[in-house]
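Reviewing the structure listed below.
Nothing in this text is a laboratory measurement; each read-out follows from the coordinates by a stated rule. This one's a predicted model, so the numbers in the text were calculated from it and none came from an experiment. No Cβ is skipped: glycine too gets one built from the backbone with ideal geometry, and neighbour counts run over all protein chains shown.
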Amino acid sequence: MGVAIRTAGEGDRELVVGLLDAAFLDDPVSGWVFPDEAYRRATHHKLMAAFLDVVLAEGRVDVAEDGAACALWLPVPAEEHGDEDGAVQLREAVDPENERVELIGRLTADVHPAGRDHEYLWMIAVAPERQGGGLGTTLIQSVLDRCDREGVPAYLEASNARSRKLYERLGFDLVGRPLDLPDGPQMWPMWREPRPGQDPSETP
């Protein structure tokens, strides 16, 4: 699938927040963070914007040239593990009365592997009308190809069973046990070892 990919900047903020909001609004984890649907629809974009700001400052955002998909990547050094202050700041910025905004940050930090440099796929979003056509896979694969060339692992948390299957096809494996959100859905921490020398066309 031929897709032109570019690196997003501050000028793409509205586009990327819109993609993230649309793609994750009805995701099980977003539903857990914001159980009331009306409130979620009014507030969810603030959480997506906060996530984006972190990645714009510390990582890289890839965008399909036609604006139909984006992927948020963070390079994570081996010694980094958790950021309690970040989880608190996230809650204060997004929804101060909602403890689940802070809790999701703490719980995902707790299961995040440490000890090796790696690329962290924080989020990927495809416009709802373009989902299922391979666009997301193409966007992810461009970074995984680089990981393979450079010998760098990759990590992510799958937030639903459908995305977990996609990531498994791309070479990710479950790390430890699934993360059970309190009175909520599961998330699946997944790790991918680099595959040096593999032809991308041979990826299952």
A correct fewest-to-most ranking of Tyr39, Tyr120 by other Cβ atoms within 10 Å would be Tyr39, Tyr120
Relative contact order of the stretch 6-92 (C-alpha contacts under 8 Å, at least 6 apart) in percent is 31
Any trypsin sites (Lys or Arg not before Pro) in the stretch 108-187 that lie in a DSSP loop and have at most 14 other Cβ atoms within 10 Å would be Arg116
Nearest-0.05 FRET efficiency for Asp145 and Glu97 at R0 = 45 Å, using Cβ-Cβ distance, is 0.55
Taking Cys70, Cys147 and counting other beta carbon atoms within 10 angstrom, the fewest-first order is Cys147, Cys70
Unit-weight point scatterers at every alpha-carbon of the stretch 75-174, Debye formula, q = 0.15, 0.20 1/Å: log10 I(q)/I(0) is -0.75, -1.12
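Report, in deg cm²/dmol and to the nearest 500, the calculated mean residue ellipticity at 222 nm for the chain, where each DSSP H run with n ≥ 4 adds -39500 (n - 2.57) and the sum is divided by the residue count.
On the way: 7 runs with 89 residues, N = 204.
The helix contribution divided over the chain gives -13500 deg cm²/dmol.
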Between the residues Asn98, Pro77, Gln186, the Cα farthest towards the positive end of the dipole of the chain, that dipole coming from +1 and -1 charges on the beta-carbon of Lys, Arg, Asp and Glu, is from Gln186
All alpha-carbon distances of the chain, grouped into 5 Å bins from 0, give the whole-percent distribution 1, 7, 15, 20, 22, 18, 10, 4, 1, 0
Stokes-Einstein D for the stretch 72-132 (10 °C, 1.306 mPa s, Kirkwood Rh from Cα pairs), in µm²/s, comes to 120
Output for the stretch 1-40 (equivalent-ellipsoid semi-axes, sqrt of 5λ from the C-alpha gyration tensor, Å, descending) is 27, 13, 7
Rounded to the nearest whole number, the Stokes-Einstein translational diffusion coefficient of the stretch 29-122 at 10 °C and 1.306 mPa s (Kirkwood radius, C-alpha pairs) in µm²/s is 110
Given backbone amide H placed at 1.01 Å from N, residues whose amide H is under 5 Å from that of Ile5, ignoring those fewer than 5 places away on the same chain, are Glu65
Nearest 10, in degrees from 0 to 90: the angle of helix 84-94 to the longest Cα principal axis of the chain is 60
Restricting to Cα pairs under 8 Å and 6 or more apart, the percent relative contact order of the chain works out to 21
For the stretch 30-47, Karplus-derived ³J(HN,Hα) couplings (6.51, -1.76, 1.60; θ = phi - 60°; whole Hz; x for glycine and proline) come out as 5, x, 6, 5, 10, x, 7, 4, 5, 5, 4, 5, 8, 10, 3, 4, 5, 5
One would report the Cα pair-distance distribution of the stretch 18-59, bin width 5 Å, in %, as 5, 25, 32, 21, 10, 6, 1
Of Glu97, Glu168, Glu65, the most mobile residue in a GNM of the chain (C-alpha springs, cutoff 10 Å) is Glu97
